[in-house]
Amino acid sequence: MTGTDIALVLVAVGVLFALVRIWRGPSAADRAVAAELVFIATVGAIVIVSDRLNQPVLLDVALVAVLGGFVATISLARLVHRDDERP
Amino acid sequence: MDVLATTCLLMGAALIALAGLGLIRLPDPLTRASAVSKAAVLGVAMILLGALLDAPSPRVAAVLLATLVLHLFTVPLGGLALGKAAYRSGTARPPLTQVDEPAEARGTSTDQPDG
């Protein structure tokens with residue numbers, strides 16, 4: 001078990017915690033914040049896998065994943081604002 | 001160099017796991033957004049540094065630098081948007097939050113919305 005394996009397991013633990021928060025989370029804002037952590041952890045996992053497989057091409061995927069995660073987070077923020085709005 | 005790269009990867013992954021722990025342990029959406037947008041940003045930055053130290057070449061350095069800059073710009077903005085949305089939706093005000101600066105700026109700090 002090398003260092004990159006342990007790093008991937010640690011990222012998976014972070015995603016697992018975020019999934020528990022999505023499952024339990026009392027409001028939509030909690031779930032959106034946990035989803036943001038899942039996006040960020042995905043970027044980290046892609047970079048670690050690129051390092052482990054020695055494939056620098058995967059770093060381009062991480063670059064696109066950062067932008068996709070940003071757009072998704074902004075969309076989630078608007079969704080949270082509208083869903084929990086009480087008249 | 002290899003030991004340094006692996007140490008950076010492990011520290012970054014541990015920071016992401018720590019952000020998840022903060023997501024579980026902290027009491028309300030604002031503090032959880034704070035944990036995610038601080039710890040996870042630094043974690044991904046450490047992972048990018050470790051990947052650069054492991055395979056130093058100009059192409060890898062260019063892509064990793066672009067990823068790092070975009071990440072450092074976008075994730076705090078996303079955390080801010082989520083925090084503002086959580087505040088405006090009214091579900092992010094637990095009893096232990098005592099300071100309400102947006103309401104004080106509006107001059108309506110006395111009425112506490114129930115939510």
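Numbers below:
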| item | result |
| --- | --- |
| Test: residue in segment A:65-78 that is charged (D, E, K, R), surrounded by 14 or more Cβ atoms within 10 Å (Cβ to Cβ) and within 21 Å of B:GLY78 (Cβ to Cβ) | no |
| Flag for B:LEU65 being closer than 21 Å to A:VAL15 by Cα and surrounded by fewer than 17 Cβ atoms within 10 Å (Cβ to Cβ) | no |
| Tally of residues being aliphatic (A, V, I, L, M) and within 7 Å of another protein chain (Cβ to nearest Cβ) across segment B:1-47 | 15 |
| Matching option when the condition is more than 12 Å from the chain's Cα centre (by Cα) and without any contact (Cβ under 8 Å) to a residue 24 or more places away in the chain, among B:ALA55, B:ALA5, B:ALA35 | B:ALA55 |
| Verdict on A:ASP51 being surrounded by fewer than 18 Cβ atoms within 10 Å (Cβ to Cβ), out of contact with any strand residue (DSSP E or B) (no Cβ under 9 Å at 6 or more places or on another chain) and either within 21 Å of B:VAL69 (Cβ to Cβ) or modelled with pLDDT of 90 or more (or both) | no |
| Members of segment A:7-38 that are β-branched (Val, Ile, Thr) and surrounded by 16 or more Cβ atoms within 10 Å (Cβ to Cβ) | A:VAL11, A:VAL13, A:VAL15, A:ILE22, A:VAL33, A:VAL38 |
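The values are calculated or read from the model by the stated rules, or taken from the named source; none is laboratory data. Since the model is a prediction, treat every value here as computed from it, not as a measurement. Because the Cβ atoms are built from the backbone with ideal geometry, glycine has one as well, and the counts that use them run over all protein chains shown.
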